Amino acid sequence: MIIVQAELADLPRLVKFRTDSAAWLTKLGTDQWAKPFPADHLAQSIRNGEVFLVKERLRSDAAATVTLDRDADPRLWTDGERAEDALYVHKLSVDRQYAGMDLGGRILDWCGDRAAKAGARWLRLDAWTTNPRLHSYYRDHGFAHVRTSADPSVVSGWAAQRPAALSSEHGLDDSLLPRLAGAD
């Protein structure tokens, strides 16, 4: 599988990832992502080069998406933590036809590899506060729970991190992406 940067033309597919995931999560009994995500926020992340698509081939439909950026929510991360070099995983979604293949885990490993290549110490994320199944998934993929926000306005308040680490084990080909500054 390959990883490419999303383009503005991919915005409808990215919105569909979100709505499809919300429908699936509703069937599991959680309200995660039930509120539509503002498309203009996604569009800005695309323009910033932070949104990625995972595909079987260049011309195939996307199997998954992830946003990887330096956007640390100050409601979740302390001043000291935000001062540390870290990349943050957001909006990781896998099309249900690729469920059960640990594609999400491979994407997390790719994110950790990309973070390490960018010189980051940490790969961080936040997860829906009331989704313990998701928390377990992230723990199973090496993330350590840092804290859960008590702020009622933070619905994705379960904060976790793992060390950024070089890895080629993810098997995702990112050779079509621009090279990172400072990377080999």
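The values are calculated or read from the model by the stated rules, or taken from the named source; none is laboratory data. Note that this is a predicted model, so its numbers are computed, not measured. Using ideal geometry, Cβ is built from the backbone for each residue, glycine included, and neighbour counts are taken over all protein chains shown.
Quick notes on this one:
- The residues of segment 112-138 that are within 25 Å of A22 (Cα to Cα) and assigned to a loop (DSSP other than H, G, I, E, B), listed by number, are W128, T129, T130, N131.
- Tally, over segment 50-97, of residues that are small (G, A, S), in contact with a strand residue (DSSP E or B) (Cβ under 6 Å, 6 or more places away or on another chain) and under 16 Å from L176 (Cα atoms): 1
- Among the residues of segment 139-158, the one identified as of a type in the set (K, R) and assigned to a helix (DSSP H, G or I) is R139.
- When restricted to residues that are at pLDDT below 90 and not aliphatic (A, V, I, L, M), segment 169-184 contains 4.
- Tally, over segment 131-173, of residues that are touching a residue at least 60 places away in the same chain (Cβ under 8 Å), surrounded by fewer than 16 Cβ atoms within 10 Å (Cβ to Cβ) and farther than 19 Å from R82 by Cα: 5
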